[in-house]
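The values are calculated or read from the model by the stated rules, or taken from the named source; none is laboratory data. From a predicted model like this one, the values you see are computed outputs, not experimental measurements. Glycine gets a Cβ as well: all are built from the backbone with ideal geometry, and neighbour counts include every protein chain shown.
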Amino acid sequence: MSPILVAGNGQGKILTPDELRRLFALGLLTERDRALFGICLFTGCRVSEALALQITDIKGETLTFRKSTTKGKLKTRVVDLHPDSRETAC
């Protein structure tokens, strides 16, 4: 199974809720993988940004993506945590 799903026109495929449930239940086997994918899913960040997160970047209801890790390295980005993502990220 390829980690990137691409529709026939070269565009990324949007996963259905059922596909997401199956991915979390059967495809992502470690807590680390589930946490990383969940952070990307709920915040829209890139994998490299999620991998660069540190515990200190989680503050209350927000995640802080430092400018050194964001695309373009132009500014720090603070993202509110979705209620469903809190359990995944923490």
### Summary
Going through the range 47-69 in order, the residues found to be of a type in the set (Val, Ile, Thr), surrounded by 11 or more Cβ atoms within 10 Å (Cβ to Cβ) and part of a helix (DSSP H, G or I) are Val47, Thr69
### Message
Just to be sure I understand the filter: pairs with C-beta atoms under 8 Å, separated by 6 or more residues or on different chains, first member in the range 10-39 and assigned to a helix (DSSP H, G or I), second member among the small types (Gly, Ala, Ser). Which pairs pass?
### Response
Phe24/Gly38; Ala35/Ala89; Leu36/Ala50; Gly38/Ser85; Gly38/Ala89; Ile39/Ala50; Ile39/Ser85; Ile39/Ala89
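Identify all residues within the range 66-85 that are more than 27 Å from Arg21 (Cβ to Cβ) and at pLDDT 80 or above; write none if there are none.
Arg66, Thr76, Arg77, Val78
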